[in-house]
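Written below as structure tokens is the structure these notes are about.
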Amino acid sequence: APELEEWQQDGEEFYHKGEGGGWQDNLRQAAEVLLLSLVAQFRPLLAPPLVAALQAAAAACPPGSDLATLPGPRLAAGRLGALPLALLQLEAAYCAAAVSAYELHDHLDFTPLLRGRLLAELGSSGSLSSLLKRRVLRLVACWVTRLEG
């Protein structure tokens with residue numbers, strides 16, 4: 001949640017702060033390196049649950065949803081108020097799918113996800129969309145070489 005506040009205050013500074021330095025200096029980057037290492041080593045075991053988690057998170061948080069009307073439990077997030085757990089799970093699933101894009105290419109058909117979900121997410125103006133657009137754009141950037149047609 002502090003990341004969301006930093007990103008909303010100054011998105012460009014947040015990006016450069018996250019990209020600067022080594023992964024050893026940043027908890028988020030260290031977690032992404034760990035995830036990538038695990039998925040690369042145990043692809044047959046971890047790829048199907050990652051894809052299932054992405055699908056479940058997407059189903060629980062429809063594009064265009066509003067923060068106030070999204071059902072389910074909420075977590076306190078500082079000045080942003082209480083964020084729905086479904087939103088945080090979707091953001092984490094997008095991040096995991098981006099980080100492990102190469103490892104998931106045989107398990108996830110990205111083109112339908114892009115056309116059916118991600119484009120709707122990018123075109124949405126709901127309060128959830130502003131929180132997810134950064135992850136959606138990163139996800140698309142990681143999968144763009146695998147798009148068909």
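Taking 0.692 mPa s as the viscosity and 37 °C as the temperature, the Stokes-Einstein diffusion coefficient of segment 51-105 based on its alpha-carbon Kirkwood radius rounds to 274 µm²/s. Other residues with beta-carbon under 12 Å from the beta-carbon of V136 carry, at +1 per Lys or Arg and -1 per Asp or Glu, a net charge of +3.
Distance distribution P(r), segment 48-149, all Cα-Cα pairs, bin width 5 angstrom from 0: 2, 13, 24, 26, 17, 10, 5, 2, 0 percent.
Each other residue within a Cβ distance under 12 Å of A47 adds +1 if Lys or Arg and -1 if Asp or Glu, for a net charge of -1. Surface listing: D109, D66 arranged by accessible area from highest to lowest gives D109, D66, probe 1.4 Å. Expressed as a whole percent, the proportion of Cα-Cα pairs in segment 95-140 lying more than 13 Å apart is 56%.
The values are calculated or read from the model by the stated rules, or taken from the named source; none is laboratory data. Owing to the predicted nature of the structure, the values given are computational and were not obtained by experimental measurement. No Cβ is skipped: glycine too gets one built from the backbone with ideal geometry, and neighbour counts run over all protein chains shown. Just the protein is used for accessible areas: all its heavy atoms, side chains included, with ligands, DNA and RNA removed. Shrake-Rupley method; radii C 1.70, N 1.55, O 1.52, S 1.80 Å.
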